[in-house]
Amino acid sequence: MSENADDGGRHDAVADHVDEDSAPRGARKPNRPKRDWAEVRERIAGILAAVVRWVGLVFAVILVGHVVLVIGEANPDNWITGTVANWADPLAIGFKDLFIIEDDKLQVLVNYGIAAIFWLIVSAICARIIRRLSGPGA
C-alpha cells in the first residue's frame, strides 16, 4: 500500500502541474498583478523629495562646518579647512557678503549662517512641492 500511496501522491502532483508552454494557444496565461501607477509615482516622488532634503542638509552642514572652522581659528593651510572653505564659498551664493561687519568671524557666522538656513528652507519647500505635484490627480 505504501507504494500506491507514493505513486498516487506523485501522480497527483504531476497532474496538477501545468506547464505554460504546453498550454494550448489562445489559453489565458496567469494574470500578472497590475501596478498601481499612482502609488509608484508617489513612491518615486517621496524618494526624490528625501534626496532634495538630504542635499539641502549636506549644504547646510558644509556651511556650518566652515563657520566652526573660522570661528575656531583653524589653520587655513590645512587641507580640510581649505576644502571646506572651497565647498562653502559657492554654497553661500549671495549671502557671502550680505552683511559687512568689522569682525571677520562675526561676518562669517552671520552670512554663512543665513546661507545654511536658506538651504534648509529651500530644500524643505522644494521637497514639499515635489510631494504635492505627485499627489492624487497629478
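Figures for the structure shown
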| read-out | value |
| --- | --- |
| Filter result for the condition that a residue is among the hydrophobic types (A, V, I, L, M, F, W, C), touching a His at 6+ places or on another chain (Cβ under 8 Å), in contact (Cβ under 8 Å) with a residue 24 or more places away in the chain and surrounded by 13 or more Cβ atoms within 10 Å (Cβ to Cβ), over A60, A49, A88, A45 | A88 |
| Looking only at the stretch 80-130, and only at residues there that are among the basic types (K, R) and part of a helix (DSSP H, G or I), the one that is farthest from L48 (Cα to Cα) | K105 |
| Checklist (1) loosely packed, with under 14 Cβ neighbours inside 10 Å; (2) free of Cβ contacts under 8 Å to residues at least 60 places away in the same chain applied to A38, failing item | (2) |
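Only the coordinates and a few stated rules stand behind these numbers; no lab work does. Please read these numbers as outputs of a predicted model, since none were measured by experiment. As a convention, Cβ positions derive from the backbone with ideal geometry for all residues, glycine included, and neighbour counts pool all protein chains shown.
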